[in-house]
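K.L.:
Sharing a structure here in structure tokens format.
The values are calculated or read from the model by the stated rules, or taken from the named source; none is laboratory data. If you're wondering where the values come from, they're calculated on a predicted model, not measured in any experiment. Cβ atoms come from the backbone with ideal geometry, glycine included; neighbour counts cover every protein chain shown.
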């Protein structure tokens with residue numbers, strides 16, 4: 001049966017079997033830590049909740065930022081029944097059952113908040129099942145996701161919901177939540193009289209990495225290991241050993257971080273480059289993927305300004321393949337630093353893209369007759385290869401008046417070297433060569 005938020009069972013006074021994070025779940029908006037951007041007094045969402053005017057919404061934010069708690073409070077402030085399903089554990093039959101219960105409530109004049117956790121894991125058909133019920137007002141739909149809704153949710157579902165972006169909770173706010181749990185004798189650890197220093201609370205908050213639930217879990221574990229009612233440095237070291245940072249190998253954070261690495265290299269910031277590389281390695285990304293992406297950076301952003309960057313990228317990749325982790329990761333770190341420091345040029349990248357665009361626009365232009373291959377007497381008789389100048393026999397080793405582009409593209413330029421790195425010399429040589437060609441053709 002759906003659970004009514006007005007019922008005291010929604011926030012039981014005490015339940016020893018529940019973990020601390022669940023017992024300390026905020027019972028009203030004032031108890032929520034963080035999220036001041038959307039829930040501070042006077043903000044539109046808070047005013048709507050306090051007035052009981054709730055709407056269907058998607059809550060987008062990292063783990064432990066309060067999405068489930070906010071959904072529960074929406075139901076409480078709206079005096080509606082609360083029904084929760086998980087897209088990880090539920091299928092279309094579960095969705096239909098939840099909607100049928102909401103229909104029964106609706107027929108009796110009562111609203112239902114339907115909370116769908118990890119909603120991005122539902123496919124299009126499962127997401128579409130909610131649409132008519134949202135439109136008719138049968139449910140107040142609340143979807144929670146850690147992924148960008150623009151990419152993961154149907155446009156039809158998004159058009160019927162407001163997206164509220166929640167943020168990772170700051171260390172300062174997490175410390176406040178920890179202190180509350182330590183002082184609360186009803187739901188928290190107040191009766192234990194634990195002694196915890198401010199520095200220890202800061203360490204727990206930083207280890208939680210923006211996740212209040214994780215912070216409270218770490219505090220609970222530390223309380224169970226406490227000696228003489230004190231959480232000392234030794235206890236804390238055991239609790240925080242081998243902790244992991246927030247990272248999703250296939251999600252929003254993954255693409256944000258690889259973007260940060262690429263752009264740090266492009267901006268010639270070796271400190272930021274090695275930081276983002278280390279963050280991704282720490283998060284468990286495949287080092288071979290990073291090696292491939294940095295090889296792409298060497299080609300796209302460094303190019304002919306420093307051709308050695310390509311070779312170093314391939315060597316670092318090979319070094320990792322030979323040494324493995326963790327030794328091979330040092331080669332990747334050195335590569336990231338080198339790529340960031342190296343002179344940058346995307347001139348070849350731009351030239352290639354421009355050539356692709358021209359090829360797409362102009363189609364199959366004929367190869368000039370003097371450049372065509374003439375392996376047979378018939379082809380020679382048709383003029384294939386006629387007039388070709390063998391450059392090695394020309395003065396200076398270049399037949400300056402020889403045209404190599406199709407007639408329709410004569411004089412078109414694609415490659416413009418920049419004044420950085422090796423391309424400074426390439427620019428000078430190309431400038432002189434193009435001027436000499438122009439003069440030879442003019443004569």
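K.L.:
Taking helices (runs of 4 or more DSSP H) that do not extend beyond the range 315-383, which have at least 3 residues that are farther than 30 Å from residue 406 by Cα and at pLDDT 90 or above? Spell out the reasoning first.
P.N.:
Working: elements: 327-341, 347-362, 377-381.
Correct list: 327-341.
K.L.:
Considering only the range 73-91, how many residues are surrounded by fewer than 23 Cβ atoms within 10 Å (Cβ to Cβ) and within 16 Å of residue 31 (Cβ to Cβ)?
P.N.:
Looking only at that region, the number is 2.
K.L.:
Let me ask something additional. Residue by residue through the range 33-60, note down the ones that are closer than 30 Å to residue 131 by Cβ and without any contact (Cβ under 8 Å) to a residue 40 or more places away in the chain. Before the answer, list the steps.
P.N.:
Residues of the range 33-60 closer than 30 Å to residue 131 by Cβ: 35, 37-39, 43-60.
Within the range 33-60, 39, 43, 44, 46, 47, 48, 49, 50, 51, 52, 53 meet the criteria.
K.L.:
Right, here's the next one. What number of residues within the range 158-183 are in a helix (DSSP H, G or I), closer than 30 Å to residue 122 by Cβ and within 22 Å of the chain's Cα centre (by Cα)?
P.N.:
Residues meeting the conditions: 1.
K.L.:
Find the residue count for the range 92-126, including only residues that are crowded, with 16+ Cβ neighbours inside 10 Å and farther than 23 Å from residue 154 by Cα. Can you show your working first?
P.N.:
Applying the first criterion (crowded, with 16+ Cβ neighbours inside 10 Å) to the range 92-126 yields 95, 98-99, 101-102, 105-106, 111-122, 126.
Checking the rest, the ones that are also farther than 23 Å from residue 154 by Cα come to 101, 105-106, 111.
Number satisfying all stated conditions: 4.
K.L.:
Which residue pairs have Cβ atoms under 9 Å apart, sit 6 or more places apart or on different chains, and have a first residue in the range 283-298 that is at negative phi and a second that is buried (at least 21 other Cβ atoms within 10 Å of the Cβ) and outside any helix (DSSP H, G or I)?
P.N.:
Filtered contacts from the range 283-298: 298/306; 298/342.
K.L.:
Of the residues 426, 433, only one is over 21 Å from residue 369 (Cα atoms) and surrounded by 15 or more Cβ atoms within 10 Å (Cβ to Cβ); which?
P.N.:
426
K.L.:
While we're here: Does residue 408 meet the test of being farther than 30 Å from residue 308 by Cα, modelled with pLDDT of 90 or more and in a helix (DSSP H, G or I)?
P.N.:
For residue 408, the condition - farther than 30 Å from residue 308 by Cα, modelled with pLDDT of 90 or more and in a helix (DSSP H, G or I) - is met.
Every residue, every condition in (1) in the same structural domain as residue 52 (by TED's automatic domain parsing); (2) farther than 17 Å from residue 35 by Cα, yes or no:
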site: 154; (1), (2): yes, yes
site: 175; (1), (2): no, no
site: 186; (1), (2): no, yes
site: 195; (1), (2): no, yes
site: 199; (1), (2): no, yes
site: 208; (1), (2): no, no
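K.L.:
Out of (1) modelled with pLDDT under 90; (2) farther than 18 Å from residue 65 by Cα; (3) crowded, with 17+ Cβ neighbours inside 10 Å, what's the single condition that is false for residue 253?
P.N.:
(2)
K.L.:
Please verify whether residue 408 is exposed (fewer than 13 other Cβ atoms within 10 Å of the Cβ) and more than 52 Å from the chain's Cα centre (by Cα), treating the condition exactly as stated.
P.N.:
When the stated conditions are applied, residue 408 does not pass them.
K.L.:
For the condition at positive phi and out of contact with any helix residue (DSSP H, G or I) (no Cβ under 6 Å at 6 or more places or on another chain), what is the one hit in 383, 396?
P.N.:
The unique qualifying residue is 396.
K.L.:
In the range 226-246, which residues are at positive phi and either surrounded by 11 or more Cβ atoms within 10 Å (Cβ to Cβ) or at pLDDT 80 or above (or both)?
P.N.:
Across the range 226-246, the qualifying residues are 228, 229.
K.L.:
Here's another thing I want to ask about it. Would you say residue 15 is in a helix (DSSP H, G or I) and at pLDDT below 90?
P.N.:
no
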